[in-house]
Structure formats: structure tokens, C-alpha cells
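Some notes on the structure that comes next.
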2 protein chains.
Amino acid sequence: MKLDSHEFRSRCSIARALEIIGDRWTLLVIRDLMWHGKDTFLALQGSEERIPANLLAQRLKRLEALGILRREAYQQRPVRYRYLLTEEGLSLEPVLLELMAWGHAKLEGGFYHPDTQRSVPAGTSGRNR
Amino acid sequence: MKLDSHEFRSRCSIARALEIIGDRWTLLVIRDLMWHGKDTFLALQGSEERIPANLLAQRLKRLEALGILRREAYQQRPVRYRYLLTEEGLSLEPVLLELMAWGHAKLEGGFYHPDTQRSVPAGTSGRNR
DNA sequence: GTCAGTCACTTTCGAATTGGAAGTGACTCG
DNA sequence: CGAGTCACTTCCAATTCGAAAGTGACTGAC
């Protein structure tokens with residue numbers, strides 16, 4: 001069921017977007033795929049937030065069905081997949097950037113620079129409030 | 001319990017942000033407060049997405065406790081409150097804007113221009129995929 | 001005064017999801 | 001062969017959701 005066959009409960013773009021990605025695990029998976037080179041089940045499972053395996057499996061399946069990501073086999077015996085964001089998935093990057101900016105400014109979270117792949121650790125900015 | 005006393009499960013800004021606003025009702029409430037002049041319980045309840053009253057009450061209470069919004073009485077008998085975003089809440093606007101851009105581009109959602117308060121209805125953009 | 005309507009919640013309860021842990025099958029390797 | 005690894009799946013208690021009904025404090029009409 002791709003994005004174009006999903007029945008939405010609202011005409012509003014934000015509400016629609018949140019129906020697709022409005023839970024925290026989905027965006028965290030997309031973050032890891034987008035920026036951190038984590039593209040296998042085990043790598044995604046190994047993030048700091050420690051997503052439970054059943055939720056990770058369900059999210060990957062769902063995001064694939066929606067066309068946000070796709071998987072491709074990188075070996076055959078046993079078959080193993082890597083997961084890759086589609087253009088729909090990649091185009092969520094500005095959302096991630098703004099979330100990160102807010103989390104950095106208001107919550108003292110760390111800052112990742114996607115272009116240079118560098119991180120500023122959490123807690124290094126003053127509280128801007 | 002304000003943002004500065006919340007215990008986070010991750011150092012990552014995005015994960016932290018999602019711990020605060022990573023459910024769909026929260027951001028929809030913030031959207032209505034931010035752009036649509038819906039600042040009373042009844043007005044917020046009347047949005048197209050039809051948030052259930054118990055969830056709305058809980059989200060308002062939680063967001064107030066976190067310092068994302070505040071409430072002020074606009075009448076006394078019976079006492080009635082309006083809800084207003086704090087600076088923390090208002091600074092989520094770029095997140096909303098990017099969500100809207102993605103939802104508009106990929107999901108044919110409508111587009112709202114906050115500066116002019118004008119809306120382009122859902123379904124008016126071609127599918128850019 | 002009574003009654004119906006309004007509003008801001010609260011409560012109820014079944015359904016759905018989450019989260020943590022254990023389990024399973026298909027491998028690989030010593 | 002057995003142990004370890006990986007990608008899930010299953011299980012189950014806890015939590016959250018969603019829809020509807022309930023409640024209390026009003027207001028206004030009769």
C-alpha cells in the first residue's frame with residue numbers, strides 16, 4: 001500500500017504526514033538510515049534508543065509498504081537485506097533537521113552535521129530560554 | 001515538570017524532541033494553537049481530525065507541564081481558559097513548516113501560508129514522484 | 001424555580017499498541 | 001556436533017488510544 005493509496009483522515013498536510021510518520025520509532029529509523037549508515041536490522045537495533053525487535057520489524061515492513069524505504073538483498077545464504085530510503089524517505093531530511101535544531105536548542109541534545117558527518121555531543125549548548 | 005527536568009533516554013536531539021512531541025496529537029494541537037487561532041478546549045476539539053476529549057485534555061495538561069504552552073483564564077464564571085504557546089512552543093514552527101512541505105509534496109495535503117493565513121486546499125499539487 | 005443546553009473536562013471500557021524478553025529457524029564456524 | 005549469530009516472530013503484561021457516556025458548573029429561557 002503505497003502513499004498514493006493511503007486513505008487519509010484529514011486534508012491537512014501536517015495531519016497527513018503525521019499519519020505516516022507521526023510516531024517516534026519511525027522517525028528514529030529514518031534518521032539512522034538517512035545519516036548514520038545503519039541499514040541492516042542489527043545495526044538499526046543497535047542504536048542508543050534500543051528499539052525493540054518487534055517494533056523495528058513492523059516499522060520496516062510498514063515503511064516499505066508505504067514506499068518510504070526499500071530493501072535489497074546483500075547476501076543470499078542466508079538471505080540478508082539492507083534497507084535504503086527511497087526519494088520519499090530522503091525528502092524527509094528537512095523535517096529531521098528542524099527536529100534536531102529544536103531538540104538541540106531547547107533540550108540540550110547533540111547536533112549532527114550531515115554534510116560533514118560530524119557530531120557535537122549533547123549538553124554543549126547553553127540553555128536558550 | 002519542565003523540559004529541563006525531563007529525563008531523556010537518548011543524547012540525540014531528534015530522539016529527545018520525539019520524546020516530547022513525537023506523537024501525532026501533540027503536533028496537531030500545536031499546529032492549531034500556532035496558526036489557526038484555536039485556543040480553547042472546544043475550538044481545539046473542533047478540528048477536522050476530531051481529537052477525543054480525553055486525549056486533548058491530557059495533551060494540554062502535559063504540554064503545559066512541560067512548558068510548551070501555558071493557559072490563562074479569559075473568564076471567571078465559570079472559569080474558562082485559553083491556551084497559548086510559550087516561546088518553546090512557538091519555536092516548533094519550522095518543524096511544522098517542514099512537515100507541511102513534505103505532506104504537501106508527497107501526500108497531496110493542503111498548504112497553509114502562516115504569514116498571509118491563506119490556505120491552498122488539498123489535492124491541488126501534482127504528484128512529485 | 002425548573003429545565004435544557006453548553007462547556008470543560010473526567011470516567012469507562014474494549015481495542016490497539018508498546019516494550020521487554022524469550023523463542024525459532026537458517027545459517028556459519030570451530 | 002554444538003555454540004554463536006542474525007533476522008525476525010511470538011508472547012504477555014502494561015500502557016495508550018478512541019469512542020462514548022458521565023459530571024459539574026454554569027447560563028438563559030420559560
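The values are calculated or read from the model by the stated rules, or taken from the named source; none is laboratory data. Model, not experiment: these values are computed from the prediction. No Cβ is skipped: glycine too gets one built from the backbone with ideal geometry, and neighbour counts run over all protein chains shown. Calculation scope for accessible area: heavy atoms of the full protein, side chains included, ligands and nucleic acids excluded. Shrake-Rupley method; radii C 1.70, N 1.55, O 1.52, S 1.80 Å.
Does the range A:50-62 hold any residues that are at pLDDT 95 or above and either away from DNA strand C (no atom under 12 Å from the Cβ) or over 17 Å from A:L3 (Cβ atoms) (or both), and which are they? Walk me through it before giving the result.
Kept after step one, since they are at pLDDT 95 or above, are these residues of the range A:50-62: A:51-62.
Passing the criteria: A:I51, A:P52, A:A53, A:N54, A:L55, A:L56, A:A57, A:Q58, A:L60.
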Point to revise | Number of positions in the range B:48-75 that are in contact with a Leu (Cβ under 7 Å, 6 or more places away or on another chain) and more than 30 Å from B:R9 (Cβ to Cβ) | key: 1
Review point. Say we look at the range A:1-18 and pick out the residues that are touching a residue at least 12 places away in the same chain (Cβ under 8 Å) and more than 7 Å from chain B (Cβ to nearest Cβ); which of these is least open to solvent (accessible area, probe 1.4 Å)?
Key: A:H6
Review point. So A:A65 clears everything in (1) free of Cβ contacts under 8 Å to residues at least 60 places away in the same chain; (2) open to solvent by 40 Å² or more (accessible area, probe 1.4 Å); (3) more than 10 Å from every other protein chain (Cβ to nearest Cβ); (4) more than 10 Å from DNA strand C (Cβ to nearest atom) except one condition, right? Which one?
Key: (1)
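Step by step: first the residues of the range A:72-97, then only those that are among the small types (G, A, S) and modelled with pLDDT of 95 or more, then the one that is least open to solvent (accessible area, probe 1.4 Å). Which residue is that?
Checking each candidate, the answer is A:G89.
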Revision key, fill the gap. Within the range A:28-45, residues within 14 Å of DNA strand C (Cβ to nearest atom) and open to solvent by 10 Å² or more (accessible area, probe 1.4 Å) come out as A:T40, A:F41, A:L42, A:Q45
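Among the residues of the range A:71-113, how many are in contact (Cβ under 8 Å) with a residue 40 or more places away in the chain and within 12 Å of chain B (Cβ to nearest Cβ)?
Let us first name the residues in the range A:71-113 that are in contact (Cβ under 8 Å) with a residue 40 or more places away in the chain, namely A:80-85, A:88-90, A:92-93, A:95-96, A:99, A:112.
Right, trim to within 12 Å of chain B (Cβ to nearest Cβ) and you get A:88-90, A:92-93, A:95-96, A:99, A:112.
Residues meeting the conditions: 9.
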Point to revise | Qualifying residue in the range B:28-37 (condition: within 15 Å of B:L99 (Cβ to Cβ) and in contact with a Cys (Cβ under 9 Å, 6 or more places away or on another chain)) | key: yes
Revision key, fill the gap. Those strands (runs of 3 or more DSSP E) completely within the range A:16-129 that have 3 or more residues that are within 16 Å of DNA strand D (Cβ to nearest atom) are A:69-76, A:79-85
Exercise for review: Determine whether A:E49 is among the acidic types (D, E), open to solvent by less than 30 Å² (accessible area, probe 1.4 Å) and over 12 Å from the mean Cα position of the chain (by Cα).
Suggested key: yes
